[in-house]
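Participant: If you scroll down you'll find the structure; I have some questions about it.
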Amino acid sequence: MPALPSPPSAPSTTVLLTGFDPFDGASVNPSWLAVQALHGERLLDHTVVAAQLPTVFGESLRRLTALLDEHRPALVICVGQAGGRGALSLERVAINLDDAPIADNAGAQPIDAPVRPGAPAAYFTGLPIKTMLAELQAAGIAAEVSQTAGTFVCNHVFYGLMHALATRRGLRHARGGFVHVPWLPEQGRPSMALDGIVRGLRLAVRCALRERQDRALGAGATH
């Protein structure tokens, strides 16, 4: 007798948020503090799981891959620190390039190396970033659409995430993207208080869970 087909698996109700450990001599990283504050929250019938990634080329993606395999999330938002930016930066595109201006936490400083050899040059985010932008700004939270996630470990993770979501069969249901957050006030200027970052990320997660299609809003750049 032929085997019966397996019943379809239930849709995931997990939201995976990742942040990074401190790097470049800093004692804190607001990306980790913010996602850690959301760990365990229930948002639109989904549970938030927060995890820390090392600011290390290669190892950060191995850790992220293990988290994706463990949780099979419905939504993944990786979060990183962007000193010098004064708003939550909703990243539009990840590029297949590691070109580090400083060494990572393991001392590596790749130059002009692909994140994934032979893979596409770039991936666009899977998040409704224009809708997220409008809702964040309406809530009084400084936000912007960013056209570059840099070429350090943040972009490395962003690209690796989008490549995994595009190519791994078990993750085809998931959507994901990347958000940069400013320094905390004690780190320098421009900055944003931690409670503002947390509030913004919470709103961003809710929006991404609720909205499957993005709005057509102007949020480009002239340079």
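Participant: Where the second residue is buried (at least 17 other Cβ atoms within 10 Å of the Cβ) and among the acidic types (Asp, Glu) and the first is on the phi < 0 side of the Ramachandran plot and lies in the stretch 41-62, which pairs have Cβ atoms under 7 Å and are six or more apart or on separate chains?
Facilitator: The qualifying pairs are Thr55/Asp104; Val56/Asp104; Phe57/Asp98; Phe57/Asp104.
Participant: Can you tell me which residues in the stretch 96-107 are aliphatic (A, V, I, L, M) and open to solvent by 60 Å² or more (accessible area, probe 1.4 Å)?
Facilitator: Step one: of the stretch 96-107, the residues aliphatic (A, V, I, L, M) are 97, 100, 102-103, 106.
Residue satisfying the conditions is Ala106 alone.
Per-residue answers, yes or no, for (1) over 19 Å from the mean Cα position of the chain (by Cα); (2) closer than 24 Å to Asp45 by Cα:
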{"position": "Leu64", "(1), (2)": "no, yes"}
{"position": "Glu91", "(1), (2)": "no, no"}
{"position": "Ala103", "(1), (2)": "yes, no"}
{"position": "Pro110", "(1), (2)": "yes, no"}
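Participant: Kindly state which strands (runs of 3 or more DSSP E) lie completely within the stretch 108-223 and contain at least 1 residues that are touching a Cys at 6+ places or on another chain (Cβ under 7 Å), in contact (Cβ under 8 Å) with a residue 24 or more places away in the chain and crowded, with 21+ Cβ neighbours inside 10 Å.
Facilitator: Numbers: elements: 122-124, 143-146, 175-181.
Strands (runs of 3 or more DSSP E) meeting the threshold: 175-181.
One line per residue, one yes/no per condition, for (1) under 24 Å from Gly150 (Cβ atoms); (2) modelled with pLDDT under 95; (3) hydrophobic (A, V, I, L, M, F, W, C):
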site	(1), (2), (3)
Leu4	no, yes, yes
Pro8	no, yes, no
Thr18	yes, no, no
Ser27	yes, no, no
Ala37	no, no, yes
Val49	no, no, yes
Leu61	yes, no, yes
Leu68	yes, no, yes
Ile77	yes, no, yes
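Participant: Still on this structure: Only one of these is out of contact with any Pro (no Cβ under 8 Å at 6 or more places or on another chain), among the basic types (Lys, Arg) and closer than 14 Å to Leu88 by Cα: Arg168, Arg172, Arg199. Name it.
Facilitator: On the way: Arg168 fails: closer than 14 Å to Leu88 by Cα; Arg172 fails: closer than 14 Å to Leu88 by Cα.
Answer to the selection: Arg199.
The values are calculated or read from the model by the stated rules, or taken from the named source; none is laboratory data. Model, not experiment: these values are computed from the prediction. Using ideal geometry, Cβ is built from the backbone for each residue, glycine included, and neighbour counts are taken over all protein chains shown. The protein model used for the area step is the full one, side chains on, heavy atoms only, and it has no ligands, DNA or RNA in it. Shrake-Rupley method; radii C 1.70, N 1.55, O 1.52, S 1.80 Å.
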